[in-house]
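Asker: Here you go, one structure.
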Amino acid sequence: MITILHGDDLVASREELNKIRFRYKSVDLVDREFSKLAQVAASQLLWDDQRLILVENFFKEKAKLELSVVTSDVVFWEGETISKTALAQFEGTKGLRIQEFTIPVLIFRFCEAIGVSDKRRVYELFKEVLKTQDVEYVFLMIVRQFRLLLCPDLATGWQKDKIVSQGKKIGLDRLKLIFEKLLLIDYRSKTSGLINGLESEIELLLIWI
């Protein structure tokens, strides 16, 4: 069976990947090199249905896969959305499961507004997002946004232009300070050091930004 997990919602796709991994006794992690994937997939040990092959970011290098070599369960995890052209090679494959994880549009709007829009509007978007998403997930998305703002080359496609524009408006020095505060919040949340809770910490951060 071949499973493909992809999309821009890395938090959700990783959670699904972990669920799958726990079903197997052992997992073979293979890099993007096709030769190594073929070698592992052809191994007699992999006829055991308790083994799983895990391949990360295989399609990032526009790699192509000869499906005839795959005789065991394989999961492809991609840290971005796979193009329709890349997915086309799997058409007609039996036992294929493709699952795309997409970040809700409202979260994009919220993250893109931080530091550049009216603070009241940002706060309103934050509260609106919390109606459908856990605060822990929203915090991770804020961290993700500022990581991209500090390293815009990590962004791809249409998102990169928006990231560059937002980053320029906030300024590099300010971005570094904000990211340091995010790291501090993250540390405190993991060590029971948040007095008022994560939601309140985010609200204070949004006011400060």
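The values are calculated or read from the model by the stated rules, or taken from the named source; none is laboratory data. Bear in mind that the values here come from a model prediction, so they are computed numbers and not experimental data. We place every Cβ from the backbone using ideal geometry, glycine too, and count neighbours over all the protein chains shown.
Asker: Does segment 117-144 hold any residues that are exposed (fewer than 15 other Cβ atoms within 10 Å of the Cβ) and either assigned to a loop (DSSP other than H, G, I, E, B) or acidic (Asp, Glu) (or both), and which are they?
Answerer: Answer for segment 117-144, where residues must be exposed (fewer than 15 other Cβ atoms within 10 Å of the Cβ) and either assigned to a loop (DSSP other than H, G, I, E, B) or acidic (Asp, Glu) (or both): Asp118, Glu124, Glu128, Lys131, Thr132, Asp134, Glu136.
Asker: Considering segment 151-209 alone, what residues qualify as being basic (Lys, Arg) and free of Cβ contacts under 8 Å to residues at least 12 places away in the same chain?
Answerer: The answer is Lys160, Lys168, Lys190.
Asker: Answer with yes or no whether Leu54 is at pLDDT 85 or above and not hydroxyl-bearing (Ser, Thr, Tyr).
Answerer: It is true that Leu54 is at pLDDT 85 or above and not hydroxyl-bearing (Ser, Thr, Tyr).
Asker: Within segment 88-107, can you find the residues that are in a helix (DSSP H, G or I) and surrounded by fewer than 16 Cβ atoms within 10 Å (Cβ to Cβ)?
Answerer: Those that are in a helix (DSSP H, G or I) and surrounded by fewer than 16 Cβ atoms within 10 Å (Cβ to Cβ): Ala88, Gln89, Phe90, Val105, Leu106.
Asker: Answer yes or no as to whether Gln159 is modelled with pLDDT under 95 and either part of a helix (DSSP H, G or I) or more than 21 Å from the chain's Cα centre (by Cα) (or both).
Answerer: yes
Asker: Give just the number: which of (1) exposed (fewer than 15 other Cβ atoms within 10 Å of the Cβ); (2) closer than 20 Å to Asp9 by Cα; (3) of a type in the set (A, V, I, L, M) does Leu184 not satisfy?
Answerer: (2)
Asker: Have a look at Phe139, Phe126, Phe108 and point out the one that is out of contact with any Gly (no Cβ under 9 Å at 6 or more places or on another chain), more than 20 Å from Gly197 (Cβ to Cβ) and either modelled with pLDDT under 95 or not acidic (Asp, Glu) (or both).
Answerer: Only one candidate passes the filter, namely Phe108.
Asker: Looking at Gly197, Gly171, which is the one that is at pLDDT 95 or above, of a type in the set (Gly, Ala, Ser) and over 21 Å from Arg109 (Cβ atoms)? Spell out how you get there, then give the answer.
Answerer: Working: Gly197 fails: at pLDDT 95 or above.
Every option except Gly171 fails the conditions.
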